[in-house]
1. Out of (1) within 18 Å of Asp221 (Cα to Cα); (2) part of a strand (DSSP E or B); (3) acidic (Asp, Glu), the odd one out for Glu33 is which?
2. How many of the residues making up segment 1-19 are hydrophobic (A, V, I, L, M, F, W, C), surrounded by 21 or more Cβ atoms within 10 Å (Cβ to Cβ) and farther than 23 Å from Phe103 by Cα?
3. Give the residue, chosen from Asn111, Asn100, that is in contact with an Asp or Glu (Cβ under 7 Å, 6 or more places away or on another chain) and under 27 Å from His192 (Cα atoms).
4. Within segment 74-84, count every residue that is in a helix (DSSP H, G or I) and over 17 Å from Cys200 (Cβ atoms).
5. Does Gly44 qualify as being in contact with a strand residue (DSSP E or B) (Cβ under 7 Å, 6 or more places away or on another chain) and small (Gly, Ala, Ser)?
6. List pairs: first in segment 190-216 and closer than 13 Å to Glu102 by Cα, second crowded, with 19+ Cβ neighbours inside 10 Å and among the β-branched types (Val, Ile, Thr), Cβ under 6 Å, 6+ apart or cross-chain?
7. Among the numbered criteria (1) surrounded by fewer than 18 Cβ atoms within 10 Å (Cβ to Cβ); (2) assigned to a loop (DSSP other than H, G, I, E, B); (3) touching a helix residue (DSSP H, G or I) at 6+ places or on another chain (Cβ under 9 Å), which single criterion is violated by Gly71?
8. Consider segment 11-36. How many of its residues are among the hydroxyl-bearing types (Ser, Thr, Tyr) and farther than 14 Å from Lys67 by Cα?
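Read the figures in this text as sums done on the coordinates, not as results from a lab. Source: prediction; values computed, not measured. Using ideal geometry, Cβ is built from the backbone for each residue, glycine included, and neighbour counts are taken over all protein chains shown.
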Amino acid sequence: MKVKTIFVSDIHLGTRFCQAEKFIEFLKDFESENLYLVGDIVDGWAIKRKLIWPQSHSDVIQKILRKARKGTNVYLVTGNHDEFLRPFVPLVLGDNLHINNEFEYSCINGNKYYITHGDFFDSITMTKKWLAILGDYGYDFLLYINDKINFFRKLFNIKSRWSLSKYIKDNVKSSVSFINDFEKILSNHAKHKNYDGVICGHIHKAEIRKIDTIDYLNCGDWVESCTAVVETYDGEFKIIHFDDNKQ
């Protein structure tokens with residue numbers, strides 16, 4: 001499928017739960033003029049704890065670089081997990097690979113969107129990094145539980161899917177409050193800067209919706225949901241649930 005632009009975030013290469021093989025399949029199935037990697041592509045925090053780097057993770061890097069060499073405009077936004085890149089930005093590699101903390105995107109209809117990973121608008125990540133790292137350990141534990149649930153789901157041929165981490169995001173009051181605050185703060189910033197919308201990642205929750213007058217788009221992740229946001233040649237933004245497409 002050919003689209004104007006692909007936006008993906010939170011691949012977390014270097015972690016055991018990264019869905020690298022599926023992401024490579026996605027890049028084979030979807031072609032685009034522009035590819036925006038909206039932060040946390042490589043997980044430097046996890047690599048510091050323990051190096052997990054199977055061949056599929058290298059294949060993702062090679063696939064992205066190959067796309068850039070063949071003419072795709074690739075834009076890499078730094079995130080909190082790949083913050084090791086931030087001292088070197090802005091950075092241009094070759095003709096088509098650009099690395100920065102943020103970008104501006106012009107849509108087909110002329111609207112302008114602010115692109116950021118989102119961690120700069122997360123007070124916990126910015127002011128209490130130790131707490132953010134502790135939360136990262138907790139998220140890994142939830143993913144471990146999810147993995148065990150999926151094992152038994154497949155063992156007993158249960159087709160319905162359930163995620164403990166998604167349940168907590170959607171139903172635990174403190175988590176819902178954090179996500180709502182994050183979305184509002186980010187949208188208010190975009191509005192203050194006279195953008196029509198904002199595209200981000202960080203919270204692993206794919207969504208497209210209006211917040212006041214601002215279009216809020218979150219790419220989701222490639223750890224659990226395997227989602228991306230695309231702009232079609234009709235100028236429409238869509239969330240792609242890649243797992244659903246393969247069922």
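1. (1)
2. Matching residues across segment 1-19 total 1.
3. Asn111
4. 1
5. no
6. Qualifying pairs under 6 Å: Ala190/Val198; Ala190/Ile214; Ile199/Ile115; Cys200/Thr116; Gly201/Val38.
7. Failing condition for Gly71: (3).
8. The qualifying residues number 1.
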